[in-house]
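Quick note: the coordinates plus some simple rules give every number you see, no bench work behind them. Bear in mind the structure is a predicted one, so any value in this text is a computation, not a measurement. Here the Cβ positions follow ideal geometry from the backbone for every residue, glycine too, while neighbour counts run over all protein chains shown.
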Amino acid sequence: MTHAPDPDLDLVLERVVPLNRALIWRAWTTPALALKWFTPAPWKTVACELEPRPGGILHVVMRSPEGEDFPMTGTWLDVVPHERLVWTNALAPGFRPADPGPHGPTITAAITLEAHGAGTLYRAVAMHRNAADREAHAAMGFQEGWGKALDQLVEAVKDL
């Protein structure tokens, strides 16, 4: 899956990180590692189930600093080892229609990894169904939150 971001509907985080693609891949596909980085602090990821294959489960439970849990369940759409992960919360595992619940927008996210010198060009694209959802996600702190989560990912795996 390749996607040219639509500035009216999509949010993009792109950064070169000092990790090879294999380590980033490992962080995205290993539940014990995802628990360490997926949710930007001071929030925490308290549960994680990952089955990175098309139709497999992606389930995380994020906990706010106040102790409220925010579950998110979706499925993987496209999985190319060390290159690309595409998932959505619009569908449940097995590609069943999903009810994403009251927390956050319905999105499809594409994470792409390209070798870049001694590191990796990490690109996350969050696709939204309309401009209002895009704006709501931006207002929730997409750039700061997804950027902080990426910083946490780097810290979680840099010494592996």
* Structure fact -> the chain: longest segment with zero exposed GluC sites (Glu not before Pro), where exposed means DSSP loop plus at most 16 other C-beta atoms within 10 Å, is residues 84-160
* Structure fact -> Label model pair Ala22, Asp78: point-to-point distance (7 angstrom along the Cα→beta-carbon line) in nm is 2.5
* Structure fact -> Any DSSP H helix in the chain with Cα axial reach of 20 Å or more and mean Kyte-Doolittle score of at least -1.0? Listed by number, the hits are 142-157
* How much length, in nm to one decimal, is gained on full extension between Glu68 and Lys148, taken as 0.36 nm per residue of separation minus their Cα-Cα distance? -> 26.8 nm
* For the chain, what is the relative contact order in percent, using Cα pairs closer than 8 Å and at least 6 residues apart in sequence? -> 29
* **Value at 222 nm in deg cm²/dmol, rounded to 500, when DSSP H runs of n ≥ 4 in the chain each add -39,500 (n - 2.57)** => -7500 deg cm²/dmol
* Asked: Based on the inverse mean of 1/r over its pairs of different Cα atoms, what is the Kirkwood hydrodynamic radius of the stretch 33-160, in Å?
  -> 15.3
* If you add up the charges near Val157, with Lys and Arg at +1 and Asp and Glu at -1, over every other residue whose beta carbon is less than 13 angstrom from its beta carbon, what do you get? -> +1
